[in-house]
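See below for the structure under consideration.
What follows is calculated from the coordinates using simple rules that are stated; it is not laboratory data. Here the structure is a predicted model, which is why all the values come from computation and not from measurement. Every residue, glycine among them, receives a Cβ derived from its backbone with ideal geometry; neighbour counts consider all protein chains shown.
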Amino acid sequence: MSEADDRPTGSSDGLVAGPDGRLRCAWCVGDELYMRYHDTEWGFPTHDDHRLFEKLCLEGFQAGLSWLTILRKRENFRAAFCDFDHEKLAAFTEADVQRLLADPGIVRHRGKIEATIDNARAMSQLLEREGSLAEFVWRYRPDPATRADPVTRETVSSTTSTPESTALARELKGRGWRFVGPTTAYAFMQAMGLVNDHLEGCVTRAEVLRPSVR
């Protein structure tokens, strides 16, 4: 499930005017935190290893839930998981798992907690081999020429995975990562700007297209 799946009804083109009157992807309007995330984070090209690792972990926790649920708990997750410092996370023990299972501020799912710890260890191995998580994941950015033009509600809603997200998920799993299936990988690619799925007419779409490194 991706952020773009959280769509309110009543918008045939997938766009809704926010409090400032500007059109945005409908899924973000109606919640101030969600709209700020949409306007400043979702879809902006990200090349920072720490942010990419955190997002992969949080995407794993999102499985079966809405991103808004995770977003509202994000600061709690950061506190509980050492701000997603992969070296510190890799050293977590069963005692840490038990502590996290008792933490009401996060999603208390043993499988997802253990997967996050395993992914931290896999992150260390990936960095040893590749040097950078960013360089690794950006190899899977699809050719923009193969993307739907224009990007509409229909094209976004009908896409839950792509050959590129399937390939990324397969490679991550082969390197020991967990909770990183093709759909999760595609949601990650949307959020981190490997694809721009802001709809045509969304005020943030043009902002995403500006050259930037985040």
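For the stretch 74-117, which trypsin sites (Lys or Arg not before Pro) are both in a DSSP coil and crowded by at most 12 other Cβ atoms within 10 Å?
ARG108
Dividing the Cα radius of gyration by the Kirkwood radius, what Rg/Rh value follows for the chain?
0.96
Nearest 20 debye, what's the magnitude of the dipole of the chain about its Cα centre given +1 on Lys and Arg Cβ and -1 on Asp and Glu Cβ?
280
Give, in whole angstrom and from largest to smallest, the semi-axes √(5λ) of the equivalent ellipsoid of the stretch 84-124, with λ running over the eigenvalues of the Cα gyration tensor.
The three semi-axes for the stretch 84-124 are 17, 10, 9 Å.
Show that you can apply the helix-only estimate: for the chain, add -39,500 (n - 2.57) for every DSSP H stretch of four or more residues, divide by all residues, and state [θ] at 222 nm to the nearest 500.
-14500 deg cm²/dmol
At what distance in angstrom do the alpha carbon centres of the stretch 173-214 and the stretch 72-119 lie from each other?
Each part's Cα centre sits 24 Å from the other's.
Restricting things to alpha carbons, tell me how big the stretch 26-127 is in terms of Rg and Dmax, in Å.
Taking only Cα atoms of the stretch 26-127, I get Rg and Dmax of 14.0, 42 Å.
Give me the number: length gained by fully extending ASP83 to GLU207, i.e. 0.36 nm times residue separation minus the C-alpha to C-alpha distance, one decimal in nm. Mind showing how you got there, number by number?
On the way: separation 124, 0.36 × 124 = 44.64 nm, distance 2.76 nm.
Here the answer is 41.9 nm.
What is the Rg over Rh value, at two decimals, for the stretch 67-159, using alpha-carbon atoms and the Kirkwood definition of Rh?
Rg/Rh for the stretch 67-159 comes to 1.10.
Quote the Stokes-Einstein diffusion coefficient, in whole µm² s⁻¹, for the stretch 21-66, based on the Kirkwood radius over alpha carbon pairs, a temperature of 25 °C and a viscosity of 0.890 mPa s.
Details: Rh = 12.2 Å.
My calculation gives 202 µm²/s for D.
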